[in-house]
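Student: Provided herewith is a single structure, encoded as structure tokens, for subsequent inquiry.
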Amino acid sequence: MLINSIDVKLINFFKRISIPVARFGLFVVFFWFGILKVVGLSPASALVQQLFEQTINFMSFNSFIILFGFFECLIGILFAIRGLERVVMPMLLLHMITTFLPLIILPEVTWSGFFVPTLEGQYIIKNLVIIAAAISIAANLQPFSFKNRQS
């Protein structure tokens with residue numbers, strides 16, 4: 001059947017490109033949003049500053065936002081490089097934890113009602129898609145192989 005043949009070809013095509021496309025997407029999002037923080041043009045800066053003021057007291061916000069932006073850029077770069085997945089995954093976990101904090105710590109900014117997120121809340125919740133893409137990348141890794149070496 002023609003439809004089955006097309007279906008199989010599409011599925012195989014998507015299997016081949018899914019991981020590279022996920023890597024590229026994560027690179028673009030993290031690097032772009034990170035560089036906007038570094039150069040002082042991020043629309044998320046106000047939200048980050050509100051969270052910063054409630055949680056971090058050991059450095060200035062201006063230093064923090066630049067470091068945080070570079071951290072995001074680094075996450076993006078590491079996702080783009082095959083073989084560094086095990087390095088970037090813990091960094092992504094840390095980033096996602098801090099990214100979801102405003103939903104709890106700043107409910108007046110992230111929720112307009114019960115289960116009704118503000119635009120900022122929606123911006124945060126969409127990170128579930130980032131987590132899904134990262135899980136897909138991790139699910140396609142090859143397990144470490146520790147071979148016994150004999151001298």
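Student: Would you please name the residue that is nearest to Ile124 (Cα to Cα), looking only at residues in segment 74-103 that are of a type in the set (A, V, I, L, M, F, W, C) and in contact with a Lys or Arg (Cβ under 9 Å, 6 or more places away or on another chain)?
Tutor: First pass over segment 74-103, keeping only residues of a type in the set (A, V, I, L, M, F, W, C): 74-75, 77-81, 84, 87-89, 91-94, 96-97, 100-101, 103.
Pick out the ones that are also in contact with a Lys or Arg (Cβ under 9 Å, 6 or more places away or on another chain) and you get 79-81.
Numbers: Phe79: 20, Ala80: 22, Ile81: 25 Å.
By that ranking, first place goes to Phe79.
Student: I've got another one for you. Quick one: Thr55 ticks every box in (1) polar (S, T, N, Q); (2) within 20 Å of Asn127 (Cβ to Cβ); (3) at pLDDT 95 or above; (4) surrounded by fewer than 18 Cβ atoms within 10 Å (Cβ to Cβ) bar one, so which box is it?
Tutor: (3)
Student: Which residue, of Gly69, Gly83, is in a loop (DSSP other than H, G, I, E, B) and either hydroxyl-bearing (Ser, Thr, Tyr) or over 14 Å from Ala134 (Cβ atoms) (or both)?
Tutor: Details: Gly69 fails: in a loop (DSSP other than H, G, I, E, B).
So the residue among Gly69, Gly83 that is in a loop (DSSP other than H, G, I, E, B) and either hydroxyl-bearing (Ser, Thr, Tyr) or over 14 Å from Ala134 (Cβ atoms) (or both) is Gly83.
Student: Please go through segment 1-50 and pick out each residue that is under 21 Å from Lys126 (Cβ atoms) and not in a helix (DSSP H, G or I).
Tutor: Quick first cut of segment 1-50, residues under 21 Å from Lys126 (Cβ atoms) only: 18-19, 21-37, 41-50.
Result: Leu41, Ser42, Pro43, Ala44.
Student: Go through segment 96-138 residue by residue and tally those that are touching a Pro at 6+ places or on another chain (Cβ under 8 Å) and on the phi > 0 side of the Ramachandran plot.
Tutor: Of the residues in that region, 0 qualify.
The values are calculated or read from the model by the stated rules, or taken from the named source; none is laboratory data. On a predicted model such as this, the values are computed, not experimentally measured, just so you know. Glycine also receives a Cβ, built like all others from the backbone with ideal geometry; neighbour counts cover every protein chain displayed.
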